[in-house]
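First the structure, in the form of structure tokens, and then the observations on it.
The values are calculated or read from the model by the stated rules, or taken from the named source; none is laboratory data. No experiment lies behind these values; they were computed from the predicted model shown. Counting neighbours? That spans all protein chains shown, and the Cβs are built from the backbone with ideal geometry, glycine included.
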């Protein structure tokens, strides 16, 4: 090898070295610029979407930062076999959702999957298909035979309690397996770590196939769990579970999305819900060993005397009860009734009750009741009978053999109570029965349309007070009453007519007087939810706030809504009115803005104006000033954007200049 060849080899090595340096330089420039763009998020709106508003399926789409959902097929391996598709029917309306097996015959899902407020109640039918796969049912299907949800979801559509348990008609979970439940304190790191979900999203294959995804959780409150997993319509009720390397635990249920904040959320299984679900499951557990209560022969039954008066005569009734079942009965009640016919139910006249602590299999016991014939039973001839466990608290083999009666003689009662008044008039001003008002504080009443078929009405026991079932010993012989002035509240004008023989009618409420002279209580706390700024603290992050304040309270006529003011006057007021406890003002300029509220009740009483939040925004605040900012996300800011453009331009100039230097150096080497 000559000197020329040696120089050529050296030159080639230098070229390759310089090219590697150039590539490394470009990689470093790229990495330098990436953080400036990955943190920017352009929010056009902040809108809450409830799944209850969706008619074609049970969810609103919210796929976050790209779709990473993966189809699962086949679906017969654990845990995919525990994911169930729900085919739900309300009348002629059909839809679908998702759930998870948590027991051999129980499915956990969203409350709105089975109880719809827009459709006025429970689903008519729910077909449960574990591991549904493109129309195939690898485990067949089961049907819902019972559905439970929290009362606060059923009565108030409270999203903090949007959860339901479905009981199935067969133990299909013995084929599929199931996932266990887990709970912890809301601050636990399990809610922000890597989590998993799976279900039947409507936007992929029309919900015919199962898809799964994994992503970080967000944070949790006492009742809700917020997370960044991709979900779509049809996944209401999908489980959110954690995997510890060995076991999988369901910690929350998908229910809704918060579009605009790129976050989804669901109902968290807190300690109360964990215990409640387990109580529901325990209550559903079936066994072949059950009690079966019934009466023995009527030769062991009877009553005495056969003639009496309501409210005056002592009556004795007895019978004999046997347990022909296979296990102890536990405590049950025997209820004695008087019936004008031979059909007995809890709508007949209740005479009295006898309680039995326990009855073992094949054992019998004598029952007896002694007491005064109730005043509520009118004159007539009655069969005397009894119903065992009238409230059906005992699970028995046969629920249709729990009643019997004495058929060969009757009880004759001679007592006719008078008829209570059916008309009442409030004569001081104009008010309406059971309607709130703020004008009349001192009512006056008179009543009429009373009668008695056999004797005259002597007078009336009357009650005036706040107890809807109130009674008293106050007595008047005239059909009127003028109570003193009242404070705000609900007052009941109740009477009990009495005839000259001492027979009394049942207590009845003639008038419900409602007076509200008290203003509602203003809310005391308010949160700005868009990146969680602080009241009366300058910041440069949020110029378009979103406020939510605690619900005001009104213990009388109820809250109607809120007058609200938004502006720069610290004592500003306005006629703007809202029925909800949220306010989303437009973007603001630099300055101080006041959100002020005056709560109003349903009869027009208003609370004094109060300032709930002082919102301070200054987009010109420097980097060295204190500004409260959330770690997880930054909204778009023009100044930051300008800085990033300058950084980008500087990086481009450096890159171009580096390329030119390398290019000139390579040419020199060649020469």
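Restricting attention to the stretch 275-289 and to residues that are surrounded by fewer than 13 Cβ atoms within 10 Å (Cβ to Cβ) and at pLDDT 70 or above, the residue that is nearest to the chain's Cα centre (by Cα) turns out to be 275.
Given the structure, is residue 145 crowded, with 17+ Cβ neighbours inside 10 Å and either free of Cβ contacts under 8 Å to residues at least 40 places away in the same chain or assigned to a helix (DSSP H, G or I) (or both)? Taking the combined requirement at face value, the residue does not satisfy it. Number of residues in the stretch 565-610 that are within 22 Å of residue 516 (Cβ to Cβ) and touching a residue at least 24 places away in the same chain (Cβ under 8 Å) equals 15.
Restricting to the stretch 118-132, name every residue that is modelled with pLDDT of 95 or more and either loosely packed, with under 12 Cβ neighbours inside 10 Å or assigned to a strand (DSSP E or B) (or both).
Taking the stretch 118-132 first, the residues modelled with pLDDT of 95 or more are 122-132.
Within the stretch 118-132, 122, 125, 126, 127, 128, 129, 130 meet the criteria.
Could you check how many residues of the stretch 156-171 are under 23 Å from the mean Cα position of the chain (by Cα) and outside any helix (DSSP H, G or I)? Quick ask: steps written out before the conclusion?
Taking the stretch 156-171 and keeping what is under 23 Å from the mean Cα position of the chain (by Cα), we get 156-168.
After this cut, where a residue has to be outside any helix (DSSP H, G or I) as well, the list is 157-158, 162-168.
So the answer is 9.
The one condition from (1) in contact with a helix residue (DSSP H, G or I) (Cβ under 6 Å, 6 or more places away or on another chain); (2) not in a loop (DSSP other than H, G, I, E, B) that residue 275 does not meet is (1).
On the stretch given as the stretch 417-453, residues that are touching a residue at least 60 places away in the same chain (Cβ under 8 Å), farther than 14 Å from residue 480 by Cβ and outside any strand (DSSP E or B) total 10. Say we look at the stretch 319-344 and pick out the residues that are more than 16 Å from residue 294 (Cβ to Cβ) and over 42 Å from the mean Cα position of the chain (by Cα); which of these is surrounded by the most Cβ atoms within 10 Å (Cβ to Cβ)? Only one residue fits best here, namely 338. Taking the stretch 454-488 as the range and being within 19 Å of residue 427 (Cα to Cα), in contact with a strand residue (DSSP E or B) (Cβ under 7 Å, 6 or more places away or on another chain) and in contact (Cβ under 8 Å) with a residue 24 or more places away in the chain as the test, the residues that pass are 462, 463, 464, 465, 479, 480, 481, 483, 486.
Do you know which of the residues in the stretch 651-671 that are closer than 30 Å to residue 620 by Cβ and surrounded by 12 or more Cβ atoms within 10 Å (Cβ to Cβ) is modelled with the lowest pLDDT?
Among those residues, the one meeting the criterion is 651.
Just to be sure, is residue 158 in contact (Cβ under 8 Å) with a residue 24 or more places away in the chain and surrounded by fewer than 20 Cβ atoms within 10 Å (Cβ to Cβ)? Reasoning before the result, please.
On the way: in contact (Cβ under 8 Å) with a residue 24 or more places away in the chain: no; surrounded by fewer than 20 Cβ atoms within 10 Å (Cβ to Cβ): yes.
Considered against the rule, which asks whether it is in contact (Cβ under 8 Å) with a residue 24 or more places away in the chain and surrounded by fewer than 20 Cβ atoms within 10 Å (Cβ to Cβ), residue 158 comes out as no.
Looking across the stretch 244-262, the residues that are out of contact with any helix residue (DSSP H, G or I) (no Cβ under 7 Å at 6 or more places or on another chain), within 21 Å of residue 157 (Cβ to Cβ) and either at pLDDT 80 or above or not assigned by TED's automatic domain parsing to the domain that holds residue 217 (or both) come down to 252, 253, 254, 257.
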